[in-house]
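Colleague: Would you mind keeping the following structure in view while I ask a few things?
The values are calculated or read from the model by the stated rules, or taken from the named source; none is laboratory data. Quick caveat, the model's predicted, so the values are computed rather than measured. Neighbour counts are summed over all protein chains in view; Cβ atoms, including those assigned to glycine, are modelled from backbone coordinates with ideal geometry. Note: accessible area is taken over every heavy atom of the protein model, side chains too, but ligands, DNA and RNA are not part of it. Shrake-Rupley method; radii C 1.70, N 1.55, O 1.52, S 1.80 Å.
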Amino acid sequence: MIPVTKPYLPSREKLDRYIDGIYERAWLTNNGPLIKELTQRLEAYLGVENLLLVGNGTLALQIAYRALNISGGGPSEAITTPFTYVATASSLKWEGVEPVFVDIHPDTWCLDPANIESAITPITKAIVPVHVFGNACDVEAIDIVAQRHGLKVIYDGAHAFGVTYKGNSLLSHGDATTLSFHATKLFHSIEGGAIIFKRKEDLERARRMTNFGLASPEEITDIGINAKMSEFQAAMGLCVLDEIDENLKGREKVWHTYEAAFKDKVKLQHRNHSASYNYAYFPMMLKDQEELLSTLEYLRSKNISARRYFYPSLDGISYGRAAGSSVSRDIASRIICLPIFHGLSENDQKLITTSVVEIAASDLGEGVL
Ligand SMILES: Cc1ncc(COP(=O)(O)O)c(C=O)c1O
């Protein structure tokens, strides 16, 4: 079976050298030298400041809400998108913040800024948009609404590693942007994540929160948990970062192969033209759910594992409040992602493109493309 995604495995020899160093120092976690090195190298690579490494992308969201006082006080709501991975919303609910789902734009599939204002209530504290599939949100329009209503903005940038906007990092927008470094992501540290803060004082507060609220071994200044990344994870991250250009090049090639094969035949996400793209996903939209299911089945019969992202639309889950979601529901019922990862062989790419074109031409998939 061709998987929809595959973790990038960097040079084993290099990883072994980092692990030898960890053994020599016997320093396995708690802000060791590899965490410091990875922090500096990621800040330089991404062109950002105030980056804090954490245990995963879900903790990154939770810590960001806490550090920015979205959670941990009285009742509160945050406006977010129903078209995302469930962690964006579950992390809010877990932190006692009611997610309010506002509809997405039919072309960009990101939170539509025009829908935000009508969903704001006296207890709204934040907007939590997602750069879905790495497509940059309309950060300027979101900023205007947030400033008008005194709301914090926390971008879930789990898919947006390395994306730039108007020549600078997209990840510097908002009060904070979170990243996921899960094994299947473009850049990964097996499990891991990061928060990029606008302000240094928020970074410092968040740092204490990731370490039980300790300001020093004998000084407890905040409510904290354990959200630290370990030296082993940082070692993997450093090795993956060393090879990121090669990884990106491989994905970009696959992406363009698909685009050339399906261009003018399949509806793709409208990309933000002021932003770069990281080729992390190849989502495509089918005519309806029925054709989505027959396409998935046909691809499976050819040993191709395509997958639905992000289904179901989150406004249908058991928590949170829906404030308009018809576009999200429609789109969530029609999108599949095709396999895309560094090392996907040319033969497999060919099988995928011919299979998708085949089903489009067959009775089974009439009207798919
Ligand atoms: C949009 C989004 N947010 C958050 C997360 C959670 O990240 P993690 O798996 O690192 O906890 C993911 C994970 O895939 C995601 O896609």
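Colleague: Using 0.36 nm per residue of separation minus the Cα-Cα distance, give me the extension gain between residue 37 and residue 252 in nm, one decimal.
Modeller: Roughly 74.6 nm would be gained on extension.
Colleague: For the stretch 119-212, what mean projected area does the convex hull of the alpha carbons give, in nm²?
Modeller: The orientation-averaged projected area of the Cα hull of the stretch 119-212 comes to 7.3 nm².
Colleague: Let me ask something else about it. Cα centroid distance between the stretch 160-230 and the stretch 1-65, in Å?
Modeller: 12 Å
Colleague: Given R₀ = 51 Å, FRET efficiency for residue 346-residue 220 by Cβ-Cβ distance, to 0.05?
Modeller: Numbers: r = 57 Å, r/R0 = 1.12.
Result of the calculation: an efficiency of 0.35.
Colleague: Give the Cα extents of the stretch 244-361 along the principal axes, in whole Å, largest first.
Modeller: 44, 35, 26
Colleague: Across bins of 10 angstrom width beginning at 0, how are the C-alpha pair distances of the chain distributed, in whole percent?
Modeller: 5, 24, 32, 25, 12, 2, 0, 0
Colleague: Divide by every residue of the chain the summed helix terms, -39500 (n - 2.57) for each DSSP H run of at least 4, and state the resulting mean residue ellipticity at 222 nm, rounded to the nearest 500 deg cm²/dmol.
Modeller: The helix-only estimate for the chain comes to -11500 deg cm²/dmol at 222 nm.
Colleague: Treating only the Cβ of Lys, Arg, Asp and Glu as charged (+1, +1, -1, -1), what charge dipole size does the stretch 244-361 show about its Cα centre? Round to the nearest 20 debye.
Modeller: 160 debye
Colleague: How high is the relative contact order of the stretch 12-242? Use alpha-carbon pairs under 8 Å, at least six apart in sequence, and give a whole percent.
Modeller: It comes to 26 percent, rounded to a whole number.
Colleague: If you don't mind, there's one more thing I want to ask. I need the peptides 96-108, 55-67, 341-353 ranked by packing, meaning the mean over residues of other C-beta atoms within 10 angstrom, with the highest value on top.
Modeller: The most tightly packed comes first, giving 55-67, 96-108, 341-353.
Colleague: Moving on. Taking a probe of 1.4 Å, how large is the accessible area per residue of the chain, in Å²?
Modeller: Accessible surface, normalised per residue, equals 43 Å².
Colleague: Output ³J(HN,Hα) for the stretch 219-227: one whole-Hz value per residue in order, computed from phi by the Karplus curve 6.51 cos²θ - 1.76 cosθ + 1.60 with θ = phi - 60°, and x for Gly and Pro.
Modeller: Along the stretch 219-227, the couplings run 9, 9, 10, 9, 7, x, 10, 9, 10 Hz.
Colleague: Can you give me the relative contact order of the stretch 244-361 as a percent, contacts being Cα pairs under 8 Å and 6 or more apart?
Modeller: Computed over the stretch 244-361, the figure is 38 percent.
Colleague: Compute the signed sum of charges (Lys and Arg +1, Asp and Glu -1) over the other residues within less than 10 Å, Cβ to Cβ, of residue 70.
Modeller: With Lys, Arg at +1 and Asp, Glu at -1, the neighbours total 0.
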